[in-house]
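The values are calculated or read from the model by the stated rules, or taken from the named source; none is laboratory data. The model shown is predicted, which means the values in this text are computed figures rather than measured ones. Cβ sites come from the backbone with ideal geometry, for glycine too, and all protein chains shown count toward neighbours. Please note that ligands, DNA and RNA were not included when accessible areas were found on the heavy atoms of the full protein model with its side chains. Shrake-Rupley method; radii C 1.70, N 1.55, O 1.52, S 1.80 Å.
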Amino acid sequence: MNISYAPLPVERRQTPPATVDTFGEIRTDHMFVADYRGGAWHDPRIVPYSPFSLAPGAACLHYGQTLFEGAKAFKHTDGEVYIWRFDENMKRLNHSASILMMPEVPEDLQLEGLMRLIDLERDWCPGKPESSLYIRPFMFATQDMLGVKPSKTYIFCIMLSPSGPYYAGGFNEAITLLITEKYHRAVSGGTGTSKAAGNYAASLRPAKHAVDAGADQVLYLDASNTYLEEVGTMNHFHVLDDGTFVIPRFDDSVLRSITSVSVLELAGQGRFKARQEKIPLKDFIADIKSGRIIEAGGFGTAAVVSPVNRYLLEDGSSLTVGDGKIGRHSRALYELYSGMQTGLVPAPEGWLRKVPRFKAD
Ligand code: PLP
Ligand code: COI
């Protein structure tokens, strides 16, 4: 594939910060872009990070034909940059595209665009604990038309953001979730298994409701208000008193989290116990009260392992998980998972890919 670079030679416009403790605030100097028209992708290129030119009638602005992914790259002690399970993100991006009637982005285009972009921006990858180079691939519809139908043209872009933890306190500060019957994130047959931008727009009002109630986020239920589903930015888990991690089943209204899938795959190798099941809300509440559930939290790329120590209910009551402290099972899993990502603990074959140094070719 012929990816063009503009401008050449690449010029640093900003100085990469030595430490980062915010999520998603900082941009690197460049981005990768490709255009879709006439049924094919054209002109893959790396350009300075800068605004797009978009028609006011562009379909993405009116009907939300927009999707995104979230992945991470880490600097290891050998000084090289490694991307984490990006193969899974590429597949999920195309799953989201199929749900939103958008074209597939070939995996070789996604991967080579990302590798070349990171190679150029490798100085921006932080090497500090709880920080990483957050990768944000996204695609949006650009056709200037007001009919409600799939656009014929799109832009695919990858931008990078050196980031700290998603929740300001990182792993060491547990969060509170509101369990509500009032709002739902997704329904069966809808867009919940995709990273459609509209899913996140729809989560803003429930998130405000949660904050007003004294929580950090919503733990969504299924549309019948019977089963646990997930949080707007991460999958949910709890830990039983025998140390088993339990994740709600990936029904067709739950995002198939790459972090959850990885946890289940690691459990499959016998490192610890984890399983998925349908979790009735009433059992979840009873098990927290009885002490059968001892820890809880969320799994996600941005969230990694985010402990939850309290749940608020709409009747004003609250439930504390275990002794309210961050538990040893969540800590051990967080250390294992982030240790693999940062190269301190061996990861399964193929989970990390080293970013090549193309310029030396
Ligand atoms: N659920 C939702 C709704 C998300 O936005 C995310 C983040 O991507 C996750 C779960 C976690 O998925 P992953 O582990 O692939 O980042
Ligand atoms: C991620 O974890 O990468 C996400 O996409 C979640 C988010 C910040 C919306």
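Within the stretch 156-167, residues that are over 12 Å from T22 (Cβ atoms) have Cβ atoms under 9 Å from residues that are open to solvent by less than 10 Å² (accessible area, probe 1.4 Å) and acidic (D, E) in these pairs: I158/E69; L160/E121, counting only partners at least 6 apart in sequence or on another chain. Residue check: Y200 meets all listed conditions (1) touching a residue at least 60 places away in the same chain (Cβ under 8 Å); (2) within 11 Å of ligand 1 (Cβ to nearest atom) but one, namely (1).
Among the residues of the stretch 74-98, which ones are out of contact with any Asp or Glu (no Cβ under 7 Å at 6 or more places or on another chain) and within 14 Å of ligand 1 (Cβ to nearest atom)?
Keep residues of the stretch 74-98 that are out of contact with any Asp or Glu (no Cβ under 7 Å at 6 or more places or on another chain), which gives 74-88, 91, 95-96, 98.
Listed by number, the residues that qualify are I83, W84, R85, F86, D87, E88, K91, H95, S96.
With respect to L67, is the statement that it is open to solvent by less than 20 Å² (accessible area, probe 1.4 Å), in contact with a strand residue (DSSP E or B) (Cβ under 7 Å, 6 or more places away or on another chain), in contact (Cβ under 8 Å) with a residue 24 or more places away in the chain and not in a helix (DSSP H, G or I) true? Yes, satisfied.
For the stretch 312-341, a residue qualifies if it is over 20 Å from A296 (Cα atoms) and either in contact with a Lys or Arg (Cβ under 8 Å, 6 or more places away or on another chain) or in the same structural domain as S132 (by TED's automatic domain parsing) (or both), and exactly one does: Q341. Might you let me know whether the stretch 311-324 holds any residue that is open to solvent by less than 40 Å² (accessible area, probe 1.4 Å) and in a helix (DSSP H, G or I)? The answer is no; no qualifying residue exists. Is the stretch 263-275 home to any residue that is buried (at least 20 other Cβ atoms within 10 Å of the Cβ), closer than 25 Å to P348 by Cα and more than 16 Å from ligand 1 (Cβ to nearest atom)? No: the stretch 263-275 contains no residue that is buried (at least 20 other Cβ atoms within 10 Å of the Cβ), closer than 25 Å to P348 by Cα and more than 16 Å from ligand 1 (Cβ to nearest atom).
Please enumerate the residues belonging to the stretch 203-233 that are in contact (Cβ under 8 Å) with a residue 24 or more places away in the chain and away from ligand 2 (no atom under 16 Å from the Cβ). Lay out the reasoning, then the answer.
Narrowing the stretch 203-233 to residues in contact (Cβ under 8 Å) with a residue 24 or more places away in the chain: 203, 206-207, 209-210, 213-223, 225-233.
Passing the criteria: H209, A213, G214, A215, L221, D222, A223, N225, T226, Y227, L228.
Annotation note: of T259, T301, the sole residue that is outside the structural domain of E130 (by TED's automatic domain parsing), open to solvent by less than 10 Å² (accessible area, probe 1.4 Å) and among the polar types (S, T, N, Q) is T259. If only residues of the stretch 21-56 that are open to solvent by less than 50 Å² (accessible area, probe 1.4 Å) and aliphatic (A, V, I, L, M) are counted, the one that is farthest from the chain's Cα centre (by Cα) is A55. Among the residues making up the stretch 160-172, those that are within 16 Å of ligand 1 (Cβ to nearest atom) and open to solvent by 10 Å² or more (accessible area, probe 1.4 Å) are P165, Y166, Y167.
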